[in-house]
Amino acid sequence: MTTTPTASAVTTATGKRRSSFWHDTFVIFRRQFRLAVRNPAWVIIGLLQPVLYLVLFGPLLEPLAGAIGAENAYTFFVPGLLVQLGIFGAFFAGFSLISEWRSGVVEAERVTPASRTALLVGRVLRDVVQLFVQGVVLIVLSFAFGLRASPGGLLLGLLIVVLLGVACASASNALALTTKSEDVMAPLINSIALPVLLLSGILLPISARSGAPDWLVTLSDFMPTKYIVNAVRDAFASDFTTANVLWGVLWTIGLTALAVWAGTRTFRRENS
Amino acid sequence: MNRRTDNGTLWPVAARWEDLVAIIEARALARTFTGRKGREKTEVVAVAGVDLSVDEGEIVGFLGPNGAGKTTTLRMLTTLLRPTSGTATVAGFDVARDPVEVRQRIGYVSQSGSTSPEARAGEEVVDHGLLYGISKAQAEARGRELFEQLDLDGLWERQPKAMSGGQRRRLDIAMGLVHDPSLVFLDEPTTGLDPQARANLWEHIADLRDKRGRTVFLTTHYLDEADALCDRILVIDQGMIVASNTPDALKREVSGDLIMLELVDPSRAGDAAERLKAAGSTEPEIDGASVQARVPGAGSVLAGLLRSLDSVGVELASIDVRRPTLDDVFLTVTGRSLREGA
């Protein structure tokens with residue numbers, strides 16, 4: 001009974017073009033972007049958070065600038081805020097994927113011939129665009145507060161943050177498709193993000209100069225995001241050739257590659 | 001009721017034998033899930049080894065209780081799940097070796113929906129078409145045509161969350177058909193719909209084959225649905241296919257028609273049972289004045305039976321013939337009633 005279907009059996013009437021990675025990524029991105037723009041509440045909330053830090057926490061840092069070894073409190077502080085934005089904003093990106101999974105969208109997309117990496121990258125691009133806009137708004141606003149940095153430094157800093165956003169959004173999407181539950185994911189993200197936030201010296205630097213005990217300094221040395229924050233700080237200060245910048249960039253690239261790989265795997269996996 | 005006899009158009013059986021083309025062909029398809037129970041690794045056999053063959057232009061129903069392995073089999077055939085062992089060829093390509101080719105050629109309508117509640121219906125359909133690689137113009141034209149055919153006129157801009165259950169399900173079908181696949185998989189298409197919406201959806205599903213010549217493979221745990229829609233039914237139970245045939249043939253070969261006699265005089269029950277057996281029935285059951293037994297086809301037996309009862313002077317208070325239901329079939333092949341499980 002084994003018969004091979006004739007050509008007419010397998011060719012659809014519309015005739016077709018094999019979809020490609022960039023095409024699929026763009027289709028997914030545009031769909032996600034459209035949905036996000038129609039519901040701007042999250043964009044506004046995401047933007048409000050760093051602005052609140054800038055307005056309500058920034059002034060406290062000004063008198064401390066000398067003690068923590070910074071000439072300009074904002075040149076020191078804003079890179080931390082940017083990294084925080086990149087980590088936190090992107091880490092929560094996965095939540096929308098859980099509801100998409102629940103409404104069957106993920107499965108419907110997985111049954112198309114679209115590239116699995118495109119399913120992830122299209123979504124991550126939406127988060128990156130959002131992060132980029134938030135970052136630019138934050139930087140512009142910071143200039144009003146007294147931030148001073150060279151265009152090259154700002155560009156490099158923003159690039160590192162955006163790349164970090166890619167890593168965190170990919171990880172968040174992978175986590176979302178693995179846990180498939182907001183109730184599991186929320187505490188998980190908080191338990192990851194809080195130590196990361198505290199140990200990376202995002203708000204206050206962790207160093208002997210700032211009076212941190214040795215064990216805390218040692219502990220924070222194991223935190224990749226510490227190097228990333230320091231790299232963005234050095235970039236803002238136009239110190240492009242420091243070890244911080246090198247390590248920060250390497251860590252960012254490494255984390256991004258790892259997270260995109262893990263994220264693609266979850267989209268490829270069968271039980272997603 | 002069988003749809004084919006229902007609408008009077010007998011599907012061309014002759015043509016079917018001449019250009020017999022299998023669009024789905026599965027051999028010993030199996031899937032085992034490994035999980036953990038405490039520290040021990042456990043293996044759960046979801047599908048034990050399925051052999052099936054579906055021809056072009058058929059509407060085939062995959063019938064079984066929840067947990068029988070229907071959805072797992074369907075997910076393997078649609079490339080969402082890799083088989084642990086065995087092979088399956090769908091639309092001419094192997095599901096494990098060429099999943100992308102298979103995906104390109106099939107439509108899949110899952111139980112869980114396919115659109116975001118917040119999106120616009122039309123945009124979802126067009127985007128879905130784009131992922132199949134068809135052009136935007138094609139996707140839009142095809143989407144609008146499908147909306148018209150599926151009674152979704154005027155809902156192009158509507159958000160799925162503002163649609164009724166039946167409309168949403170039809171939108172899911174439009175999503176699954178936007179690239180004009182020759183084979184469509186429907187997973188429990190009418191679960192959760194009210195009776196009117198179900199009947200309406202059945203018509204649309206039948207149209208897929210009758211008007212568009214598509215092959216339809218659907219899973220269901222509703223007997224009436226399998227009966228009303230399908231040319232052929234595959235009964236799956238505990239991960240194995242236990243029966244496969246047309247609904248009518250299944251009923252005929254598995255159980256036959258039930259003849260129920262009610263006698264005026266209970267003392268003649270033995271004679272009545274004897275006459276029934278002589279007419280080719282199964283061992284009759286006697287309960288007071290009532291005698292019942294199954295025969296392969298009541299229509300050809302009844303006239304002779306009445307004459308023979310009359311000749312020995314057995315007087316009947318009533319006679320009743322009940323055609324077997326798919327539930328009888330299910331009970332016979334699995335030893336359980338489908339209704340209990342559903």
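Quick notes on this one:
- Inter-chain Cβ neighbour count for B:130-139, averaged per residue, equals 6 (cutoff 10 Å, partner chain atoms only).
- Partner shielding of B:43-56 amounts to 1, given as the average count of beta-carbon atoms from other chains within 10 Å of each residue beta-carbon.
- On the basis of the beta-carbon distance and an R0 of 25 Å, B:SER85 and B:GLN238 show a calculated FRET efficiency of 0.90.
- Over 32 Å [Cα-Cα, segment B:3-252], rounded percent: 22
- Amide hydrogen neighbours beyond the local backbone of B:GLY107, cut-off 5 Å, H modeled: B:LEU183, B:VAL184, B:PHE185
- Placing one equal scatterer on every Cα of the protein assembly as shown and applying the Debye formula, the log10 ratio I(q)/I(0) at q = 0.06, 0.08, 0.10 Å⁻¹ is -0.46, -0.70, -0.93.
- Each residue of segment B:73-85 was assigned a 3J(HN,Hα) from its phi angle through the Karplus expression (A = 6.51, B = -1.76, C = 1.60, θ = phi - 60°), giving 4, 4, 5, 6, 5, 9, 6, 7, 9, 7, x, 6, 7 Hz with x at Gly and Pro.
- Mean Cα-pair separation over length for segment A:96-219, i.e. relative contact order, pairs under 8 Å, 6 or more apart, %: 29
- Remark on B:VAL47: its backbone amide H falls under 5 Å from those of B:ARG31, a criterion applied only to residues 5 or more positions apart or on other chains, H modelled at 1.01 Å from N.
- Assigned charges on the beta-carbon of Lys, Arg, Asp, Glu; chain B dipole about Cα centre (debye): 1120
- For q = 0.10 Å⁻¹, Debye-computed log10 I/I(0) when each Cα of segment A:20-267 counts as one equal scatterer: -0.48
- Antiparallel bridge percentage (DSSP; both residues within the protein assembly as shown; nearest 5): 70
- Table column - 3J(HN,Hα) (Hz), segment B:232-249, Karplus curve with 6.51, -1.76, 1.60, x for Gly and Pro: 8, 10, 10, 9, 10, 8, 6, x, 10, 7, 9, 7, 7, 5, 5, x, 5, 5
- Of the trypsin sites (Lys or Arg not before Pro) in segment A:209-272, the ones in a loop by DSSP (not H, G, I, E or B) with at most 12 other beta carbons within 10 Å are A:ARG209.
- Dipole orientation for chain A: of the candidates A:ILE192, A:THR252, A:LEU125, A:LEU125 has the Cα lying most toward the positive pole (charges on Cβ; Lys, Arg +1; Asp, Glu -1).
- Chain B: relative contact order in percent, alpha carbon pairs under 8 Å with at least 6 residues between: 18
- Mean shadow area of segment B:256-323, taken as a quarter of the surface of its Cα convex hull (nm²): 3.7
- When DSSP beta bridges are restricted to pairs lying wholly in chain B, around 70% turn out antiparallel.
- Relative contact order (%) - chain A, alpha-carbon pairs under 8 angstrom, separation at least six: 26
- Inter-chain neighbour count for A:35-46: the average number of beta-carbon atoms from partner chains within 10 Å of each residue's beta-carbon is 1.
- 3J(HN,Hα) from dihedral phi, segment A:225-239, Karplus parametrisation 6.51/-1.76/1.60, rounded to Hz, x for glycine, proline: 5, 4, 5, 5, 4, 4, 5, 5, 4, 5, 4, 5, 7, 6, 9
- In this structure, the amide hydrogen of B:LEU263, modeled 1.01 Å from its nitrogen in the peptide plane, lies closer than 5 angstrom to those of B:SER290, B:VAL291, B:ALA317, counting only residues at least 5 positions away or on a different chain.
- Reachable aspartates and glutamates, given that their alpha-carbon falls under 14 Å from the alpha-carbon of A:LYS226 and they are not under 8 places away in the same chain: A:ASP234
- Computed helical MRE - 222 nm, chain B, DSSP H runs ≥ 4 contributing -39500 (n - 2.57), nearest 500: -11000 deg cm²/dmol
- Within straight-line reach of B:LYS161, meaning a Cα separation under 16 Å, sit the following aspartates and glutamates at least 8 residues removed in sequence or on another chain: A:GLU100, B:GLU118, B:GLU123, B:GLU124, B:ASP172.
- Note on segment B:256-323: with charges restricted to the Cβ of Lys and Arg (+1) and Asp and Glu (-1), its dipole about the Cα centre is near 280 debye.
- Given R0 = 45 Å, the distance between the Cβ atoms of B:VAL264 and B:VAL333 translates into a calculated FRET efficiency of 0.75.
- Two-site FRET efficiency, A:ARG30 against A:LEU159, from Cβ-Cβ distance with R₀ of 22 Å, rounded to 0.05: 0.40
- Nearest-20 debye value, segment A:168-272 charge dipole, Cβ charges on Lys, Arg, Asp, Glu: 220
Quick note: the coordinates plus some simple rules give every number you see, no bench work behind them. No experiment lies behind these values; they were computed from the predicted model shown. Note: ideal-geometry Cβ built from the backbone for every residue, glycine included; neighbour counts use all protein chains shown.
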